[in-house]
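Report on the following structure.
The values are calculated or read from the model by the stated rules, or taken from the named source; none is laboratory data. Just so we're clear, the structure is a prediction, and the values are computed from it rather than from any experiment. So basically every Cβ, Gly included, is an ideal-geometry build from the backbone, and we count neighbours across all protein chains shown. Note: areas computed on protein heavy atoms with side chains; ligands, DNA, RNA excluded. Shrake-Rupley method; radii C 1.70, N 1.55, O 1.52, S 1.80 Å.
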Amino acid sequence: MHYTDSKRLDAKIRAIEDALSRIGEPITEAQAKSVAALEDCECKDGMFALATSRRQLLSGTGLIAAVGMTAMLPRTADAKAPPGAVEYPVQGDSTKEQGRILGVDGGYGSRSQFETEVRSTYPQKTAGYSPLQNSYGTITPSGLHYERHHGGIPNIDPARHRLVIHGMVDRPIKYSLADLKRFPTVSRTYFLECSGTTGSEIMKANRSTVQGTHGLVSTSEWTGVPLSTLLRQTGLKPGAAWVLAEGADAAVMTRSVPIDKCLSDALIVFAQNGEAMRPEQGYPMRLFLPGWEGNISIKWLRRLEVSDKPYYTREETSKYSDLITTTGKARIFTFTMEAKSVITFPSGEMKLPGAGFYEITGLAWSGRGKIARVEVSTDGGKSWNLASLQDPVLTISQTRFRFPWIWDGKPAVIQSRATDETGYSQPTHQQLIAERGPLESGSLFYHMNAIQSWGIAADGSVKNVHPLG
């Protein structure tokens, strides 16, 4: 490293360390001790907050009286806890009062009543947006994973559900869920993204938060059987080139899938994040095509028909094709979700308390493979700096990036730009519009992966800003 560059880096590190040292509220040693001090209690003979005997606890006599457990049971009549949580009374001093007993939540577990993140929905009630602005790491909790459906969420009895594979095969076969689970399974961490994510943002800023702009993408660990395993069992006839995947929902969602994808990394999945897949994600089984637009990973999968040609279904002609407005034509079978990124902190509707050190962080992903690098700009794209990538960096999976920043308190525009391992870099809005034409009206702008901008005002407020004004 050049001497001048080394001095500049040292100065930057010292500036960050100085800014970090001013975060938090200083207290004295006496104040610290007063927080941690253990006062005299009647339980000096043991390390428990209970004065009752072990015999009493095991027999159950005196249990409720000893720990005031009636106060620690969940309240249901006037519960105000957010979805996924149970309301419990807050303890005045949790070091002097026994916590609630195991199992009062029914045995499944619940999140803290102080955590309020939920999927948001819009009037059509056909999509649930994941709150990525409040996410940590890269895995999306199953209860917050985005959802999209075309005919509601079916309630399917797994014992009666079957997957039929037929058409240009040697041996048509019908599989139950129990049959699938007998095959050797694999677990893979992949992102899933709706092809319409950020599509409404191509010409102007429409939604105010990350949840609104980028909430139709999530990452989970998926478990299932490689589709190639099942196709080996059925056998493929000469000329087999496409597979029609069909769902058991009210929309009978269908898409044509090239046979090459089916034989490479396609999965039939039945589990997500270590448990059975949830109904909104396709329970009891779904097709999963890593890196491709979410609608083609057919949920509630019931049929795979092998053919020598695509089927040109409703979902791949009237929908999910890319209009080229400059020519009046459309692209079809544009499966891959290209490199994309978004800064999740700071982002829309947040407010920075004042000038000083902040860690800019966000998520990057690509359907082509691994993320190779992410660059961050704090001046609206005039200059770019490399962000650090948080391990693990997995293929076709969201990657967390981080960038240290000392905000000077002046208005700023922050952006991120992802580049994947193939060398493909995230484009600007202007580049996408030049390639495919403006979208003044009509269908959604699918596969919109332009660089996202967040404007930070002098008062610290953050909002979605658009490069076209």
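Per-structure values
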{"quantity": "Out of Leu263, Leu289, Leu323, sole residue that is at pLDDT 95 or above and either open to solvent by 10 Å² or more (accessible area, probe 1.4 Å) or closer than 19 Å to Gly152 by Cα (or both)", "calculated": "Leu263"}
{"quantity": "Selection count where residues are in contact (Cβ under 8 Å) with a residue 12 or more places away in the chain and not polar (S, T, N, Q), scope region 99-113", "calculated": "6"}
{"quantity": "Region 368-403, residues that are over 24 Å from Pro346 (Cβ atoms), assigned to a loop (DSSP other than H, G, I, E, B) and open to solvent by 10 Å² or more (accessible area, probe 1.4 Å)", "calculated": "Arg368, Lys370, Pro392, Leu394, Thr395, Ile396"}
{"quantity": "Test: Ile433 is of a type outside the set (D, E, K, R), under 25 Å from Arg188 (Cβ atoms) and open to solvent by 10 Å² or more (accessible area, probe 1.4 Å)", "calculated": "no"}
{"quantity": "Lone unmet requirement of (1) open to solvent by 10 Å² or more (accessible area, probe 1.4 Å); (2) touching a His at 6+ places or on another chain (Cβ under 9 Å) for Glu275", "calculated": "(2)"}
{"quantity": "Whichever residue in region 443-469 is open to solvent by 70 Å² or more (accessible area, probe 1.4 Å) and of a type outside the set (A, V, I, L, M, F, W, C) and, among such residues, is farthest from Gly367 (Cα to Cα)", "calculated": "Asp459"}
{"quantity": "Pick from region 96-143, criterion among the hydrophobic types (A, V, I, L, M, F, W, C) and under 22 Å from Thr209 (Cβ atoms), ranking: most open to solvent (accessible area, probe 1.4 Å)", "calculated": "Phe114"}
{"quantity": "All positions within region 141-153 that are among the aliphatic types (A, V, I, L, M) and assigned to a loop (DSSP other than H, G, I, E, B)", "calculated": "Ile153"}
{"quantity": "Residue that is most open to solvent (accessible area, probe 1.4 Å), among those in region 244-260 that are part of a strand (DSSP E or B) and in contact with a helix residue (DSSP H, G or I) (Cβ under 9 Å, 6 or more places away or on another chain)", "calculated": "Thr254"}
{"quantity": "Region 232-243, subset surrounded by fewer than 21 Cβ atoms within 10 Å (Cβ to Cβ) and of a type in the set (A, V, I, L, M), residue nearest to the chain's Cα centre (by Cα)", "calculated": "Ala241"}
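One line per residue, one yes/no per condition, for (1) part of a strand (DSSP E or B); (2) open to solvent by 30 Å² or more (accessible area, probe 1.4 Å); (3) modelled with pLDDT of 95 or more; (4) under 28 Å from Ser307 (Cβ atoms):
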{"position": "Asn155", "(1), (2), (3), (4)": "no, yes, yes, no"}
{"position": "His166", "(1), (2), (3), (4)": "yes, yes, yes, yes"}
{"position": "Leu192", "(1), (2), (3), (4)": "yes, no, yes, yes"}
{"position": "Ser195", "(1), (2), (3), (4)": "no, no, yes, yes"}
